[in-house]
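Q: My questions will all concern the structure given below.
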Amino acid sequence: MRSIWFVPVLLFPLALTACGGGASGGGDRVGGYVGSSVRMECAPFARALSGVRLSGAAADWWWQADGQYDRSAQPRVGAVLVMQRTGRLRSGHVSVVSRVISRREILVTQANWVHDRITEDQPVIDVSPSNDWSMVRVWWPPSGQIGTTEYPAHGFIQSR
């Protein structure tokens, strides 16, 4: 597997697929930005970073992984967190686990959570009643804190 910190230059011209984002802004705090503004969507970024060879809308990765990759409710470094479609995330969202902090907190590296930005080591917390990562809250760099919106998640696709 490629190192989580390896962001190849080849990522930037990849074809785009839809996934969520938000307003630009923020600073270099926890979950800070990597480089300058880039036009990069979450799915091709996660594919290149994790080695998980799936494509299309981020939310569809969960179903595509069936029979090809292990799927789990447990985070592991290098695994892809797959978030479901919502009104805010019309195509879902994927990010790559860069560190497991505790049973209910991880850090992820991802593209386009904040529009046209790559963020590294961004906190994500499990807020599901069953402690199964089916509902998460994500760091929002423009505010410098964990966001207030809860997002449904499918779980983690384990890279090989």
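Q: Select from the range 123-144 the residues that are modelled with pLDDT under 95 and either open to solvent by less than 30 Å² (accessible area, probe 1.4 Å) or in contact with a Pro (Cβ under 9 Å, 6 or more places away or on another chain) (or both) and list them in ascending order.
A: Within the range 123-144, 139, 141, 144 meet the criteria.
Q: Filter the range 96-122 down to the residues that are hydrophobic (A, V, I, L, M, F, W, C) and either open to solvent by less than 20 Å² (accessible area, probe 1.4 Å) or part of a loop (DSSP other than H, G, I, E, B) (or both) and list them by number.
A: 96, 97, 106, 108, 111, 113, 114, 118
Q: So, in the range 150-160, of the ones that are open to solvent by 40 Å² or more (accessible area, probe 1.4 Å) and in contact (Cβ under 8 Å) with a residue 60 or more places away in the chain, which residue ends up farthest from residue 92 (Cα to Cα)?
A: Only one residue fits best here, namely 160.
Q: Here is a further query. Any idea which of 160, 88, 137 is of a type in the set (Lys, Arg), in contact with a strand residue (DSSP E or B) (Cβ under 9 Å, 6 or more places away or on another chain) and part of a strand (DSSP E or B)?
A: One residue alone meets the criteria, 137.
Q: Additional query: Within the range 51-78, work out how many residues are in contact (Cβ under 8 Å) with a residue 60 or more places away in the chain and part of a helix (DSSP H, G or I).
A: Of the residues in that region, 3 qualify.
Q: Give the number of residues within the range 135-160 that are more than 19 Å from residue 107 (Cβ to Cβ) and of a type in the set (Ser, Thr, Tyr).
A: 1
Q: For residue 112, all conditions in the list (1) without any contact (Cβ under 8 Å) to a residue 12 or more places away in the chain; (2) polar (S, T, N, Q); (3) touching a Cys at 6+ places or on another chain (Cβ under 9 Å) hold save one; what is the number of the exception?
A: In the conditions (1) without any contact (Cβ under 8 Å) to a residue 12 or more places away in the chain; (2) polar (S, T, N, Q); (3) touching a Cys at 6+ places or on another chain (Cβ under 9 Å), residue 112 misses (1) alone.
Q: Another question about this same structure. When you go through 76, 39, 71, 85 one by one, which is the residue that is more than 17 Å from residue 155 (Cβ to Cβ) and open to solvent by 50 Å² or more (accessible area, probe 1.4 Å)?
A: Being more than 17 Å from residue 155 (Cβ to Cβ) and open to solvent by 50 Å² or more (accessible area, probe 1.4 Å) holds for just one of 76, 39, 71, 85, which is 39.
Q: Further question: When residue 39 is evaluated against the numbered criteria (1) modelled with pLDDT under 95; (2) touching an Asp or Glu at 6+ places or on another chain (Cβ under 9 Å); (3) part of a strand (DSSP E or B), which criterion, by number, is the only one it fails?
A: Single failed check for residue 39: (3).
The values are calculated or read from the model by the stated rules, or taken from the named source; none is laboratory data. Nothing here was measured: the structure is a model prediction, and the numbers come from that model. Every residue, glycine as well, gets a Cβ built from its backbone with ideal geometry; the counts of neighbours run over all protein chains shown. Note: areas computed on protein heavy atoms with side chains; ligands, DNA, RNA excluded. Shrake-Rupley method; radii C 1.70, N 1.55, O 1.52, S 1.80 Å.
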